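One structure is given here, and the rest of the page talks about it.
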Amino acid sequence: MKINGPQHSNLNPYQKQFQKQAQVQKGEAAKDRVEISSQAKHMQEASNAKQARLDRVEELKNQVQSGTYQVDAKETAKNVANFFKGQA
């Protein structure tokens with residue numbers, strides 16, 4: 001015949017209540033955190049750069065259509081020459 005010892009879990013009901021309170025306090029102390037990776041930051045910067053480029057293209061389109069776009073011939077010639085020299 002096997003005789004089991006007393007069940008310790010029912011001996012101290014206050015201990016259970018104390019343990020529950022401790023668990024709740026631990027849960028309250030832990031706060032949610034968000035960390036943004038450097039890769040995500042880089043993607044955000046690239047997205048912002050793309051939008052800035054689209055805005056610039058739209059501005060240039062409007063200038064060309066209205067006839068107010070001015071071209072610096074010397075700067076254009078310099079850039080074309082550098083491109084063909086491989087310095088671009």
Being of a type in the set (Lys, Arg), without any contact (Cβ under 8 Å) to a residue 40 or more places away in the chain and surrounded by 10 or more Cβ atoms within 10 Å (Cβ to Cβ) narrows it down to one of 74, 50, 85, so name that one. 50
Selection from the range 1-53 of residues that are modelled with pLDDT of 65 or more and in contact with a helix residue (DSSP H, G or I) (Cβ under 8 Å, 6 or more places away or on another chain): 16
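The values are calculated or read from the model by the stated rules, or taken from the named source; none is laboratory data. Every value quoted in this text rests on a predicted model; they were computed, and no experiment measured them. So basically every Cβ, Gly included, is an ideal-geometry build from the backbone, and we count neighbours across all protein chains shown.
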